[in-house]
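Here the structure is laid out as structure tokens; the discussion comes afterwards.
The values are calculated or read from the model by the stated rules, or taken from the named source; none is laboratory data. In this text the structure is predicted, and so the values were computed from the model without any measurement. Cβ sites come from the backbone with ideal geometry, for glycine too, and all protein chains shown count toward neighbours. Heavy atoms of the whole protein, side chains included, go into the accessibility calculation; ligands, DNA and RNA do not. Shrake-Rupley method; radii C 1.70, N 1.55, O 1.52, S 1.80 Å.
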Amino acid sequence: MKKYLLMNGPNLNMLGIREPEIYGTTTLATIQDMVVAHGAERGVQVDCFQSNHEGALIDKLHEAHTAYDGVVYNPGAHTHYSYGIRDAIGSIDTPVVEVHISDVDAREPFRAISVVAPACVAQIKGHGIDGYCEALDGLLEGWSTRLGEGFDTRTSGQVIVGGTF
Ligand code: DQA
């Protein structure tokens with residue numbers, strides 16, 4: 001059975017409490033259950049991991065190189081500045097889809113920049129929690145080409161997939 005990893009970075013354990021006007025009221029546990037069930041309906045296993053610590057997230061990405069067929073990843077604020085996370089994604093062959101619940105392009109300017117996107121195979125933003133299942137579906141469809149350097153991440157509310165832009 002194929003195995004996928006749902007990863008969430010810093011502060012996403014606070015979903016449900018945190019800024020509900022932006023992120024809604026659904027908890028991370030409910031999102032994890034939703035994605036696990038979505039995978040089960042499609043005959044694949046989904047494991048879940050959340051951490052507020054960059055090193056733990058980097059270790060998990062390294063593990064994904066051999067342990068998983070794809071990663072659905074909301075890196076939270078690491079998206080905007082963590083070259084360590086970006087290099088970890090670039091270090092593994094396992095395809096990673098970047099997901100944001102909110103439309104990061106329609107918020108503060110710093111959120112429109114993703115330093116991790118070039119290493120990812122797709123970026124989904126502003127689709128709410130549905131974006132997580134869309135990311136899993138994309139991996140099951142075979143999304144596998146990295147977005148690469150020079151690709152413009154600043155496109156409001158879009159699904160951007162490697163190789164098709
Ligand atoms: C987020 C957007 C990020 O800018 C923010 O730091 C988050 C959540 C999102 O899901 O919309 O923690 O990744």
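Toward the positive end of the charge dipole of segment 82-165, with +1 on the Cβ of Lys and Arg and -1 on the Cβ of Asp and Glu, the farthest Cα among Pro95, Gly138, Ala112 is that of Ala112. 3J(HN,Hα) couplings calculated from phi for segment 33-46 with the Karplus curve 6.51 cos²θ - 1.76 cosθ + 1.60 (θ = phi - 60°) are, in sequence order, 4, 4, 6, 4, 5, 4, x, 4, 4, 9, x, 10, 8, 10 Hz; Gly and Pro show x.
The 3J(HN,Hα) values that the Karplus relation (6.51, -1.76, 1.60; θ = phi - 60°) gives for segment 80-86 are, in residue order, 8, 8, 8, 6, x, 5, 4 Hz. Gly and Pro appear as x.
Taking amide H atoms as placed 1.01 Å from N in the peptide plane, the amide H of Gln158 lies under 5 Å from those of Lys125, each 5 or more residues away in sequence or on another chain. In summary, the lysines within cross-link reach of Lys60, defined as a Cα separation below 18 angstrom excluding same-chain residues under 8 places away, comprise Lys2, Lys3. Less than 5 angstrom separates the built amide H of Gly70 from those of Leu5, all sequence-distant by 5 or more or on a different chain. Magnitude of the charge dipole for the chain, about its Cα centre and with charges confined to Cβ atoms of Lys, Arg (+1) and Asp, Glu (-1), is about 80 debye.
For segment 42-165, the relative contact order works out to 23 percent when only alpha carbon pairs closer than 8 Å and six or more residues apart are counted. Ellipticity at 222 nm from helices only: DSSP H runs of n ≥ 4 in the chain, each -39500 (n - 2.57), divided by the residue count, give -9500 deg cm²/dmol. Within the accessible area of segment 44-165, the carbon and sulfur atoms contribute 49%, probe 1.4 Å, all protein chains present. Rounded, prolate or oblate: which fits the chain, taking a ≥ b ≥ c as square roots of the Cα gyration tensor eigenvalues, rounded meaning a/c under 1.5, else prolate when a/b beats b/c? Taking the square roots of the gyration eigenvalues as a ≥ b ≥ c, the chain is rounded. Couplings 3J(HN,Hα) of segment 105-116, computed from phi: 7, 9, 10, 4, x, 5, 6, 6, 9, 10, 7, 8 Hz, in residue order, whole Hz [Karplus 6.51 cos²θ - 1.76 cosθ + 1.60, θ = phi - 60°; x for Gly and Pro].
In the full protein context, the chain carries 44 Å² of accessible surface per residue, based on a 1.4 Å probe and ignoring ligands, DNA and RNA.
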